[in-house]
């Protein structure tokens, strides 16, 4: 199912999930498409279309069952399959991501961090150990983790990228604002924060 | 021009810009659509279509002029208009974003940070002062800044959001993984890192 969803639909479904989580916490049993659309300031028809796509049907005059809808989104987005990852670079961004509570709810489990700064090696961030980058190969063998979240400065990004892929990393979520070249068989996803901001500017007409 | 571009086109243009910046640094004068598409592992036709859209024409057998193309993207995406913003929350993420070098290249100027932790007040992050949140109203009046980058924990997100909009913040780039409700006239953009990761999983078939 996830393969057939567009990127925009995935985006909206995670936002619906955030609202549903809040509703569930407040013990509210039903939610209407109108409530969801008002929160997100999007068209109600869009919400209904998305929920129909994942086979969720609302009850007349009551809305959608909060727990049922939340569960469906979790199944559709495959969040119950745990995806274990290493953070490469225990700087501010690496630490922030390691502390980001919502990742684990969606099945992203940050197992450990890696750095080359001796002052950081051996410490723990949010109960996750920080290892020296030279240990990566060994830890990949021990844990089978093949996803890396890259949060390192631009100037070392390509050389570290080469190193980690030669150790066995297959998937890289790259936060360094540079384009990295990787060998065949390695998938890279560039997190593009500036593009996100520019889209915000375009949509809300920030001048 | 920017108003007519889709979000995906804006995304790609910022990625082309990153490549062009690297080429310019290396004093390479021309780039082909094929080189761009290989870097990003996207279709060459897409690159040519995007560049035609912003009225850039390549020279036969040589490609696009690097400096010219880079300048055009900067103009189209309006990066020369400086957009000044405050970071609310001087934690790891707030500090990481304040140090993120690429923002200023695209016209996003982080002017100052705000927090309530007395230990942080009066310090500087990347030459930007950290003020107490109680000073926000005064600083908005002094500087005219009306954009906030919100990097605070979920549990205080709504109350801080209410506070900053009552002080005069009109645009919020929200990194807290929760949906905030704002009064009319305030625009909010939820940065959705988990959705980004889930899209990566869907596209690269991470299991």
| Relative to the longest principal Cα axis of chain A, at what angle does helix A:66-76 sit, 0 to 90 degrees, rounded to 10? | 40 degrees
| For the residue pair residue A:53 and residue B:75, what label-to-label distance in nm results when each label sits 7 Å from Cα along the Cα-to-beta-carbon direction? | 3.7 nm
| field | region B:54-109 - Debye-derived log10 I(q)/I(0), Cα point model, q = 0.13, 0.28 Å⁻¹ | value | -0.49, -1.07
| Folded to 0 to 90 degrees: helix B:193-204 orientation relative to chain B principal axis, Cα | 30 degrees
| field | Exercise: per-residue mean of other protein chain Cβ atoms within 10 Å, A:6-14 | value | 5
| field | Residue list for region A:46-79, given a label point 7 angstrom along the Cα-to-Cβ vector of residue A:28 and an amide N cut-off under 11 Å | value | A:66
| query | What FRET efficiency comes out for the pair residue B:68/residue A:163, r = Cβ-Cβ distance, R0 = 35 Å, nearest 0.05? | reply | 0.45
| query | Using the alpha carbon gyration tensor of region A:83-194, what are the three equivalent-ellipsoid semi-axes (square root of 5 times each eigenvalue), largest first, in whole Å? | reply | 19, 16, 15
| message | Stokes-Einstein diffusion coefficient for the protein assembly as shown at 4 °C in a medium of 1.567 mPa s, Rh from the Kirkwood formula over Cα pairs: what value in µm²/s? | response | 57 µm²/s
| query | When each copy gets a label point 7 Å from Cα toward the beta-carbon at residue B:25, what are the spacings between them in nm, shortest first? | reply | 4.0
| request: Counting other beta carbons within 10 Å of each Cβ, put B:191, B:68 in order, fewest first. | output: B:68, B:191
| message | If you fit an axis through the alpha-carbon atoms of helix A:154-167 and take the longest principal axis of the Cα set of chain A, what angle between them do you get, 0 to 90°, nearest 10? | response | 90 degrees
| remark: Candidates B:115, B:22, B:50; GNM for chain B (alpha-carbon contacts under 10 Å) flags as most fluctuating B:22
| remark: Mean projected area, convex hull of alpha-carbon positions in region B:1-102, reported to one decimal in nm², is 7.8 nm²
| task | Return the single residue from A:196, A:98, A:166 with maximal mean-square fluctuation; model: Gaussian network over chain A, springs between Cα atoms under 10 Å. | result | A:196
| query | Once label points are set 7 Å from the Cα along Cα→Cβ at both residue B:155 and residue B:205, what is their separation, rounded to one decimal in nm? | reply | 4.3 nm
| task | Pop out the Kirkwood hydrodynamic radius of chain B from its pairwise C-alpha distances, inverse of mean 1/r, in Å to one decimal. | result | 19.2 Å
| task | Using the 7 Å Cα-to-Cβ label point, sort the distances from residue A:105 to its equivalents in the other copies shortest first and give them in nm to one decimal. | result | 3.4
| field | Average other protein chain Cβ within 10 Å of Cβ, residues B:141-153 | value | 1
| query | Across peptide A:170-180, what mean number of C-beta atoms from other chains lies inside 10 Å of a residue's C-beta? | reply | 4
| Of the residues B:87, B:145, B:156, which exhibits the maximal mean-square fluctuation in a Gaussian network model of chain B defined by a 10 Å Cα contact cut-off? | B:156
| field | Closest approach to the axis - chain A beta-carbon, rotation onto B, Å | value | A:92, 2
| request: One decimal, nm, shortest first: give the distances between the label point of residue B:132 and those of the same position in the other copies, each label point 7 Å from Cα along Cα→Cβ. | output: 4.5
| Alpha carbon centroid spacing (whole Å) that separates region A:137-207 from region A:84-128 | 15 Å
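Quick note: the coordinates plus some simple rules give every number you see, no bench work behind them. Just so we're clear, the structure is a prediction, and the values are computed from it rather than from any experiment. Because the Cβ atoms are built from the backbone with ideal geometry, glycine has one as well, and the counts that use them run over all protein chains shown.
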